[in-house]
Amino acid sequence: MIKQSIQIIVMSSLLLVSCKKENAALTIDDTTAKKAELAHANSGKLPVIKFETTEHDFGKIKAGEKVEYTYKFTNTGTADLLITDAKASCGCTVPDYTKEPVSPGKTGEVHVVFDSTGKSGDVSKTVTLTLNTEKGTEQVSFKANIESSGIGMPAH
């Protein structure tokens with residue numbers, strides 16, 4: 001009889017402990033609840049970048065000339081768009097971009113300066129943007145036909 005009573009007490013204790021563990025797992029503190037609520041509210045909200053154009057042709061330019069172009073974009077998404085980096089495919093190209101978050105429906109810019117010094121013929125360059133869109137990166141590109149400066153060339 002005592003042996004049965006001990007077994008019942010042990011089984012009851014195990015049952016109570018396991019119930020407490022389940023309840024502990026279900027307990028969510030206020031901070032976690034607020035984070036989950038915010039994540040749920042923001043789910044499906046993403047910034048989307050839409051450029052007027054992602055390509056530009058400078059046409060014919062003279063060797064040594066610096067040319068500039070500004071790519072304009074609109075955030076067509078439902079959350080703030082943020083560009084965190086812009087890397088050019090070469091040192092001859094210097095990109096600059098809108099640093100502040102771009103709200104949905106608002107516009108921003110990526111400005112590019114290309115220095116053709118030491119270059120000739122047809123060139124194509126890219127700038128890769130790192131941003132907080134679903135894709136994570138975007139590219140803009142340009143091309144130019146660089147005319148030789150004619151130094152050291154015989155006159156025609």
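The values are calculated or read from the model by the stated rules, or taken from the named source; none is laboratory data. Values in this document were obtained by computation on a predicted structure and should not be read as measured data. Positions of Cβ are generated from backbone atoms using ideal geometry, with glycine treated the same way; all protein chains shown enter the neighbour counts. Note: areas computed on protein heavy atoms with side chains; ligands, DNA, RNA excluded. Shrake-Rupley method; radii C 1.70, N 1.55, O 1.52, S 1.80 Å.
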Residue check: is Glu55 of a type in the set (D, E, K, R), out of contact with any Asp or Glu (no Cβ under 6 Å at 6 or more places or on another chain) and loosely packed, with under 13 Cβ neighbours inside 10 Å?
no
Among the residues of the range 59-77, how many are within 15 Å of Ser124 (Cα to Cα) and either open to solvent by less than 40 Å² (accessible area, probe 1.4 Å) or under 18 Å from the mean Cα position of the chain (by Cα) (or both)?
4
Which residue pairs have Cβ atoms under 7 Å apart, sit 6 or more places apart or on different chains, and have a first residue in the range 98-119 that is on the phi < 0 side of the Ramachandran plot and part of a loop (DSSP other than H, G, I, E, B) and a second that is open to solvent by 60 Å² or more (accessible area, probe 1.4 Å) and of a type in the set (Ser, Thr, Tyr)?
Pro104/Thr78
Residue satisfying condition, being hydroxyl-bearing (Ser, Thr, Tyr), touching a strand residue (DSSP E or B) at 6+ places or on another chain (Cβ under 9 Å) and open to solvent by 40 Å² or more (accessible area, probe 1.4 Å), within set Ser141, Ser89, Ser116:
Ser89
Residue check, Ser141 against (1) within 15 Å of Lys50 (Cβ to Cβ); (2) not in a loop (DSSP other than H, G, I, E, B), all met but one. Which one?
(1)
